[in-house]
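Contents: one structure, followed by commentary.
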Amino acid sequence: MPRRSTLAIAALVLAAAPARADDVTAESMPSDDGVLVVARTVIDAPAARVAAIVGDPSSFAELFPAEEVRVLGDSGGARIVALRMRDRWVGAFTWIESLARSTDGAALVVERRSLSSEFYAHLHAIWRVTPLSAARCEVTYRVDIALKHWPTWMIRRGTVAGVAAVVGRLRTMSARATGR
């Protein structure tokens, strides 16, 4: 029977290992406060099409998945969006976020930031969609979150898997949008 120290080391290695599913890699990175996850993938779709999906609140019901999405208006070049999601562990929760689009060189950037939440202490997520060719792009999704009522160590593994799942759904939505 393995010793406890061996099992503890094995658990740490598994928790730190990048998640891989459907050509998506997601890993937890060092964070000062909360959990920072970076997911990457390559999608066979034009960068503008992929960026349009991640920047369109009407896609959030499928992408995240959100139970309810309402656009509240615009402020300072950002769209203000109210979201409601349901989680099996915490039930339903809501937040309001800003959704801003920009460019960085050839990359199309969509930035999400929680403005008000009963659940998130902070949420800052950045989609970076970089064209590799006319019909192919690299996607990086960087999510930095902390929850108000859950310690970081309890949410790290679930957050890595959740971010990888979101990027996996983006791959499916992008393929459908381009007829592939």
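None of the figures in this text is laboratory data; all of them are computed from the coordinates on show. Keep in mind that this is a model prediction, so the values were computed, not measured. Methodologically, a virtual Cβ is constructed for each residue, glycine included, from the backbone with ideal geometry; neighbour enumeration extends over all protein chains shown.
In table form, for the structure just shown:
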quantity	calculated
Candidates GLU62, GLU97, GLU111, ranked by Gaussian network fluctuation over the chain, Cα under 10 Å, top entry	GLU62
Two-site label geometry, THR94 and SER75: point separation in nm, points 7 Å out along Cα→Cβ	1.6
Extension gain, GLU118 back to THR178 (0.36 nm per residue minus Cα-Cα distance, nm)	17.9 nm
Cα centre as origin, Lys/Arg/Asp/Glu Cβ charges: the chain dipole, Debye	440
Reported label for calculated volume of the Cα convex hull per residue in Å³ given [x] 238; [y] 178; [z] 140	[z]
Label point distance in nm, ASP87-ASP56, each placed 7 Å from Cα along Cα→Cβ	2.8
Extension gain from MET154 to ALA106, taking 0.36 nm per residue of separation minus the Cα-Cα distance	13.6 nm
